[in-house]
Amino acid sequence: MADSGRGILLVVSGPSGVGKGTVINGLMEQYPDVTLSVSCTTRPPRAGESDGQDYQFVSDSEFEQMRRSGELLEWAQVHGRHYYGTLRQPVEEALAAGRTLVLEIDYQGAKSVREQLGEQAVLVFVAPPSWEALIERLRKRHTESEQAIAERLASAREEIENMEMYDYVVVNDEVAEAVQQLSGILLAEQQTIERFDWRRLRDELLAQADGWR
Ligand code: 5GP
């Protein structure tokens, strides 16, 4: 996969409750050609979630089958419970077509993607402004029991411990500001010399320069 197109795999991680989804949605509103990868998971759907849109909800044995057959680019057990994974094929297709695909995955997945795709993956860590703010946001969601919140806080700690491997950090204090920061990262990455078709541009400009009298 190392030489697949010039697309960008924008990997976004951060503690549960930090607002990754909101910030990613804000980015996609500004850039409608950016798409979000739909992961597979063994966790049951929450109220309001639909299969194929939020996740592809699969059984333990289906997940195991996907893992064994190499269909998953990366996978991890998150919050010490369920399994989550990214399908390889849509990622390969997006990159080959030069598109930007966002993966909202945990730090274990981000690590695995970096190992496989190197600099083609851009790793962004979304951090809360404070630990206190994170707890407050998790409680406000009302989607999790106290037990689940405790599990999420334990994972949040692990995520924060692994911040060092990321390329960029976005602090989600004000959503609009965080969206602007993420957009800025994407814009800058699209203009890197490696991603830009610089040889063609250079040759065109030089040919024009030579023909100019
Ligand atoms: P939730 O159960 O709240 O939807 O997701 C829990 C966490 O699982 C998210 O914070 C996200 O980081 C992680 N996650 C979601 N999809 C994937 C995936 O495909 N791979 C990995 N490694 N983590 C994922």
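The values are calculated or read from the model by the stated rules, or taken from the named source; none is laboratory data. Note that this is a predicted model, so its numbers are computed, not measured. Neighbour counts run over all protein chains shown; Cβ positions are idealised from the backbone, glycine included. Heads up: the accessible areas ignore ligands, DNA and RNA and are worked out on the full protein's heavy atoms, side chains in. Shrake-Rupley method; radii C 1.70, N 1.55, O 1.52, S 1.80 Å.
Along its three principal directions, the equivalent ellipsoid of the stretch 64-115 from the Cα gyration tensor extends over semi-axes of 20, 14, 8 Å, largest first.
Entry note, the stretch 109-168: relative contact order of 53 percent, from Cα contacts under 8 Å with a spacing of 6+ residues. Note on residue 28: accessible area approximately 50 square angstrom, rounded to 10, probe 1.4 Å, nucleic acids and ligands left out. Within the stretch 67-213, antiparallel bridges make up roughly 60 percent of the DSSP beta bridges whose residues both belong there.
For the chain, how big is the tail of P(r) above 31 Å, as a whole percent of Cα pairs? Roughly 23 percent, rounded to a whole number. Only alpha carbons enter this Debye calculation for the stretch 121-201, each as an equal point scatterer, and the log10 of I(q)/I(0) it gives at q = 0.16, 0.20, 0.24 Å⁻¹ is -0.74, -0.98, -1.18. For the chain, the longest piece that avoids every one of the GluC sites (Glu not before Pro) found in DSSP loops with at most 14 other C-beta atoms within 10 Å covers 50-173.
Taking the chain as the reference, fit the longest principal axis to its C-alpha atoms, fit the long axis of helix 131-141 to the helix C-alpha atoms, and give the angle between the two in degrees, 0 to 90, nearest 10. Helix 131-141 and the main axis of the chain meet at about 70 degrees.
Put simply, the amide H of residue 171, placed in the peptide plane, has neighbours under 5 Å in 127, leaving out anything fewer than 5 places away on its chain.
Computed 3J(HN,Hα) for the stretch 42-57, one whole-Hz value per residue from the Karplus formula 6.51 cos²θ - 1.76 cosθ + 1.60 where θ = phi - 60°, is 8, 7, x, x, 8, 4, x, 8, 10, 5, x, 10, 7, 8, 9, 7, glycine and proline marked x.
In the chain, the longest principal axis of the Cα atoms and the axis of helix 20-30 are about 30 degrees apart. Against the main long axis of the alpha-carbon atoms of the chain, helix 146-161 sits at an angle near 30°. Compared with the alpha-carbon gap, the fully stretched path from residue 61 to residue 30 is longer by 7.3 nm at 0.36 nm per residue. From helices alone, the chain scores -14000 deg cm²/dmol at 222 nm; the rule is -39500 (n - 2.57) for each run of n ≥ 4 DSSP H residues, then divide by the residue total.
Placing a label point 7 Å from the Cα of residue 143 along the Cα-to-Cβ direction, the residues of the stretch 41-62 whose backbone N falls under 18 Å of that point are 41-58. Only Cα pairs under 8 Å and 6+ residues apart enter the sum, and on that basis the relative contact order of the chain stands at 32 percent. By accessible area, using a 1.4 Å probe on protein heavy atoms only, the stretch 48-154 has 46% of its surface on carbon and sulfur. Taking 145, 59, 16 as the candidate residues, the one with maximal mean-square fluctuation in a Gaussian network model of the chain, Cα springs under 10 Å, is 145.
Remark: the stretch 102-113, residue by residue, has Karplus-estimated 3J(HN,Hα) of 9, 10, 9, 9, 7, 5, 5, x, 4, 5, 5, 5 Hz, where x stands for each Gly or Pro and the curve is 6.51 cos²θ - 1.76 cosθ + 1.60 at θ = phi - 60°.
Kirkwood radius and radius of gyration were both taken over the C-alpha atoms of the stretch 27-142, and their ratio Rg/Rh is 0.97.
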